[in-house]
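Following: one structure in structure tokens, then a few remarks.
Just so it is clear, none of the values below were taken in a lab; they were calculated from the coordinates. Note that the structure is a prediction, hence the values are computed from the model and not measured. Ideal geometry is used to build each Cβ from the backbone, glycine not excepted, and the neighbour counts take in all protein chains shown.
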Amino acid sequence: MPGIELFGAEERKEVNDVLETGILFRYNHDNLRNGHWKALTFEKELAAFNGVKYAHSCTSGSTAVAIAMAACGVGAGDEVIVPPFTYIATVEGALLAGALPIFAEIDETLCLSPEGIRKAITPKTKAVVLVHMCGSMAKIEEIMQICQEHNLVLIEDTAQALGASYKGKAAGTFGKMGCFSFDFFKIITCGEGGAVITNDEKLYNFSHQFSDHGHDHIGDNRGAEGHPIIGFNYRIGEMNAAVGVAQLRKIDYILSQQRKHKALLKQTLSKFPEITFRHLPDENGDAATFMDFFLPSEELTRQAVAALQAEGVPSLTGVQYWYDNNFHYIKNWEHIRNLQSVAKLPIEILGAPQDYKNLQLPVTEGLMKRLISFVVKVAWTDEQLQMLTTKIEAALQKVFTKATA
Ligand SMILES: *Cc1c(COP(=O)(O)O)cnc(C)c1O
């Protein structure tokens with residue numbers, strides 16, 4: 001959780017700017033705000049960081065996904081290919097837009113695989129929501145190729161991938177739109193917040209309009225603005241955006257620390273020939289928020305998780321066994337598989353495109369059972385890192401010695 005590790009004077013200063021004027025709203029009130037436009041500043045700097053023309057910030061990564069789908073024209077009855085390993089918001093975004101999620105296989109990149117996407121395409125497929133999981137990217141070249149061939153909208157859920165890139169080009173700039181989250185657990189945080197990025201002016205305009213009841217944001221009289229489209233309220237507040245401004249200015253430091261720390265963790269894990277690593281299509285473009293690795297079997301993986309816990313590794317960093325996680329992997333999404341919603345969803349009228357109760361995703365299952373991720377922190381001291389690598393090595397040593405005994 002790097003962003004929150006670095007909350008300090010810079011964040012307080014930006015928030016204070018807003019507190020001093022009391023203008024908590026991102027639009028208008030030009031002569032009262034003392035020159036402070038936090039959401040606008042955040043957007044400009046986020047766009048520049050990603051080398052893209054437009055960014056629009058919003059209340060969360062979840063609403064960023066909703067905005068991207070709406071702006072790209074993905075809605076009721078459209079089939080949308082999504083991964084079974086993501087944060088659940090990707091799937092909720094599709095369902096609440098009235099779209100029909102199709103779960104496809106991932107590969108050893110931990111993202112949707114090109115083959116998985118190909119197999120999931122039907123004549124009704126409109127879009128692929130590609131999630132770049134755990135700080136690194138999918139096989140983006142092949143996936144873009146498939147989307148072009150089949151005329152599919154590619155939306156990148158980059159909630160976990162700020163700072164990730166492929167051959168120098170930022171995650172979120174390959175498809176039509178990228179969707180960031182700045183919730184409390186992401187690489188930088190606004191407390192709560194999100195953003196979409198795009199190079200397409202039309203999509204950018206749909207995005208800020210859709211996020212604000214269709215307001216066209218022309219002129220300085222809100223009540224007199226036009227409303228070209230139906231929208232809703234996904235507006236970020238100035239306080240949250242202010243935190244984002246300070247956090248984004250720390251991103252280069254965060255990335256360099258994470259990369260340095262991850263390299264040390266990888267060195268430790270590399271001592272064990274039984275361990276294999278997540279495939280990174282471009283290692284230089286890894287944001288390095290997680291150290292992801294596979295063990296040879298589910299049994300050994302579960303033993304390793306237990307041994308890491310017994311050794312006290314969780315006191316120094318997060319140890320994720322995503323296979324059992326209730327929010328990141330489909331195995332425990334019973335409410336999605338049973339479509340348990342309070343009010344009726346469009347999918348219940350239109351019909352699900354897959355039998356969610358009996359989904360077969362053997363490749364994904366095979367990978368997820370054997371995957372462990374360590375959270376890579378920014379603020380570790382040399383002593384803490386030393387202690388951590390020693391504990392990791394001791395835990396894994398026990399597991400593998402027992403396995404060969
Ligand atoms: C965190 C996350 C989201 C949702 O972001 P929130 O800001 O928590 O709404 C969406 N997709 C992925 C892949 C995420 O990790």
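Brief remarks follow.
- With the charge dipole of the chain set up from +1 on Lys and Arg Cβ and -1 on Asp and Glu Cβ about the Cα centre, the Cα lying farthest toward the positive end among the listed residues Met133, Val399, Phe180 is that of Val399.
- Among beta bridges from DSSP that stay inside the chain, the antiparallel ones total about 60%.
- Cβ-Cβ FRET estimate between Lys169 and Phe232, R0 fixed at 35 Å, reported to 0.05: 0.65
- Paramagnetic reach from Ile349 in the range 97-138 [backbone N under 15 Å; point 7 Å along Cα→Cβ]: 97-100
- Helix axis angle, 140-149 relative to the chain longest principal axis, alpha carbon, degrees: 60
- Relative protection proxy for 324-335, 105-116, 189-200, 340-351, from highest mean packing down: 189-200, 105-116, 324-335, 340-351 (other beta-carbon atoms within 10 angstrom).
- Within the range 257-326, the trypsin sites (Lys or Arg not before Pro) that combine a DSSP coil assignment with at most 16 other C-beta atoms in a 10 angstrom radius are Lys271.
- Rounded to the nearest 10 degrees, the angle from helix 38-50 to the longest Cα principal axis of the chain is 50 degrees.
- Extension gain, Met239-Asp220: 0.36 nm per intervening residue step, less the Cα-Cα distance, totals 4.7 nm.
- Rounded tilt (10° steps) of 382-404 against the dominant C-alpha axis of the chain: 50
- Restricting the range 130-218 to chymotrypsin sites (Phe, Trp or Tyr not before Pro) that sit in a DSSP loop and have at most 13 other Cβ atoms within 10 Å of their own Cβ leaves Phe184.
- Neighbour-count ranking [beta-carbon atoms within 10 angstrom, fewest first] of Phe232, Phe400: Phe232, Phe400
- The distance separating the Cα centre of the range 168-182 from that of the range 249-272 comes to 22 Å.
- Residues Ala394 and Val363, FRET efficiency given R0 of 30 Å [Cβ-Cβ distance, rounded to 0.05]: 0.40
- Take the Cβ atoms of Ala403 and Ala9, set R0 to 56 Å, and the FRET efficiency comes out at 0.70.
- Shape summary of the range 3-251, radius of gyration then Dmax from alpha carbon positions: 17.8, 56 Å.
- Placing pseudo-labels 7 Å out from each Cα toward the beta carbon at Phe277 and Thr21 gives an inter-label distance of 4.6 nm.
- Between Glu141 and Glu92, the contour length at 0.36 nm per residue exceeds the alpha carbon distance by 15.0 nm.
- Placing a label point 7 Å from the Cα of Asn332 along the Cα-to-Cβ line, the residues of the range 153-191 whose backbone N sits under 18 Å from it are 185.
- In the structure shown, the pairs Lys271/Lys391; Lys53/Lys250; Lys13/Lys377 are assessed against 18 Å; a Cα-Cα span above that value is assigned to Lys53/Lys250; Lys13/Lys377.
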